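Undergrad: Could you have a look at this structure, given as structure tokens, before my questions?
The values are calculated or read from the model by the stated rules, or taken from the named source; none is laboratory data. Keep in mind it's a predicted model, so treat the numbers as computed, not measured. Here the Cβ positions follow ideal geometry from the backbone for every residue, glycine too, while neighbour counts run over all protein chains shown.
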Amino acid sequence: MLKRKRRKPRKSIKQDKTTGHHGLDRLMLIHQLLQAGKEPTVKELSEQLGYSRKTIVRSINYLRDERGYPISFDRKTNRYRYTADVVALPDVTVTEQQLFALFVATKTLTDFKGHPLHGHLTEIFKKLTQGLRGSVSFSLSGMENALSMKASGVAMANPDRFFPINQAITQGEELLIHYHKLADEEPMARIIQPWRLAFINNQWYLFAHDNLRQELRCFVLSRISHLEKNGTFFQPQRNFDLEAHLCDSFGVYKGKESHDIHLRFTSTAARLVGERQWHPRQRLVPLPGGELEFHLHLNNLNEILHWVLYWGEQCTVLGPEALVQQVREQSAGMLRKYGGEGGRQSSQSTVVSRQ
């Protein structure tokens with residue numbers, strides 16, 4: 001008796017027999033082929049996409065019958081094609097809450113006119129919303145009227161600087177820049193290896209290795225007056241951890257010192273301070289009467305000094321002594337500039353050193 005030769009099992013084919021759910025990846029692939037004018041057969045789609053013929057037919061029927069896509073079938077050639085241009089994405093279901101979240105994220109950036117992606121973000125949001133087919137019911141004008149953003153001191157970054165820098169970071173290519181430091185009268189040529197672009201406190205910064213000084217430096221994007229690639233490549237620093245680099249900084253300046261910051265805020269300022277996270281490692285200690293103590297370890301005092309001065313007499317510096325002295329000097333300078341005995345008393349109450 002002859003034994004029947006066992007057929008080799010077919011390779012695993014992805015199938016989705018659930019009528020209520022169709023794989024978005026599969027629908028997108030079918031949509032792209034039809035949109036490109038390929039006019040494929042079911043057999044060709046099955047072989048090319050790796051799905052069974054039944055799954056391909058079910059997906060095409062779904063796009064045509066339930067989603068309303070203009071798909072026609074030629075019985076003579078057994079081929080499918082689009083009979084009209086299709087703009088919408090197939091089977092993209094977005095809730096109104098999700099769309100609003102996207103709108104908020106877009107508006108947060110586009111309302112800050114200094115953002116290099118202002119125009120691109122606005123354009124892509126319009127394309128996404130125009131491409132949705134009855135998934136949500138919303139009023140774009142209503143959203144515009146319901147939400148506004150306002151910020152002061154936003155840096156005016158140049159989009160022409162943003163894209164080539166980003167490309168140089170990903171490709172690992174050195175840049176020749178002309179950088180204008182605040183203390184210099186003229187820009188200075190620098191050759192740098194760009195590591196990371198960062199938007200911190202309403203300002204764009206470029207963290208890059210300075211070939212001249214042989215160390216990592218922070219450059220303000222708006223102070224770069226000239227930029228060009230020099231054709232020299234380096235190993236991209238994809239593992240560079242900016243958060244770890246700035247973990248002991250109050251902003252972008254990284255020092256080599258060690259300071260335990262100890263501040264006390266009045267009850268008036270305590271609620272304002274407590275409503276925000278000023279630093280990931282801050283420690284807030286509520287006090288009787290509504291006052292608040294602020295603790296933080298930093299490697300420099302440059303940026304925390306300006307923050308303390310912002311709060312004026314609502315903030316008392318308890319330590320370190322170096323910060324107390326800097327606040328005292330700044331207060332004395334303002335007193336000399338504006339005069340008045342009242343100012344002298346106020347400044348003294350702001351810089352009490354803990355004994």
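Undergrad: Among what's in region 224-250 and is more than 19 Å from the chain's Cα centre (by Cα) and not in a strand (DSSP E or B), pick the residue that is surrounded by the most Cβ atoms within 10 Å (Cβ to Cβ).
TA: In this case the residue turns out to be 250.
Undergrad: For region 249-304, how many residues are among the hydrophobic types (A, V, I, L, M, F, W, C) and either without any contact (Cβ under 8 Å) to a residue 40 or more places away in the chain or touching a Cys at 6+ places or on another chain (Cβ under 6 Å) (or both)?
TA: Adding up the residues that qualify gives 12.
Undergrad: Now, a different point. Residue 140: surrounded by fewer than 14 Cβ atoms within 10 Å (Cβ to Cβ), in contact with a helix residue (DSSP H, G or I) (Cβ under 8 Å, 6 or more places away or on another chain) and either among the hydrophobic types (A, V, I, L, M, F, W, C) or at pLDDT below 75 (or both), yes or no?
TA: Against the criterion (surrounded by fewer than 14 Cβ atoms within 10 Å (Cβ to Cβ), in contact with a helix residue (DSSP H, G or I) (Cβ under 8 Å, 6 or more places away or on another chain) and either among the hydrophobic types (A, V, I, L, M, F, W, C) or at pLDDT below 75 (or both)), residue 140 qualifies.
Undergrad: Would region 52-67 turn up any residue that is hydroxyl-bearing (Ser, Thr, Tyr), more than 20 Å from residue 83 (Cβ to Cβ) and modelled with pLDDT of 80 or more?
TA: Checked against the condition, which is being hydroxyl-bearing (Ser, Thr, Tyr), more than 20 Å from residue 83 (Cβ to Cβ) and modelled with pLDDT of 80 or more, region 52-67 yields at least one hit.
Undergrad: Checking the structure you have, find out if any residue of region 303-323 is assigned to a loop (DSSP other than H, G, I, E, B) and closer than 30 Å to residue 208 by Cα.
TA: no
Undergrad: Another question about this same structure. Can you tell me how many residues in region 160-197 are free of Cβ contacts under 8 Å to residues at least 60 places away in the same chain and of a type in the set (Ser, Thr, Tyr)?
TA: Selection size over region 160-197: 1.
Undergrad: When you look at residue 125, is it surrounded by 15 or more Cβ atoms within 10 Å (Cβ to Cβ), over 23 Å from residue 242 (Cβ atoms), out of contact with any His (no Cβ under 8 Å at 6 or more places or on another chain) and modelled with pLDDT under 90, yes or no?
TA: Against the criterion (surrounded by 15 or more Cβ atoms within 10 Å (Cβ to Cβ), over 23 Å from residue 242 (Cβ atoms), out of contact with any His (no Cβ under 8 Å at 6 or more places or on another chain) and modelled with pLDDT under 90), residue 125 qualifies.
Undergrad: Residues that are within 22 Å of residue 243 (Cα to Cα), hydrophobic (A, V, I, L, M, F, W, C) and out of contact with any helix residue (DSSP H, G or I) (no Cβ under 8 Å at 6 or more places or on another chain): find the strands (runs of 3 or more DSSP E) completely inside region 146-222 holding 3 or more of those.
TA: 188-200, 215-220
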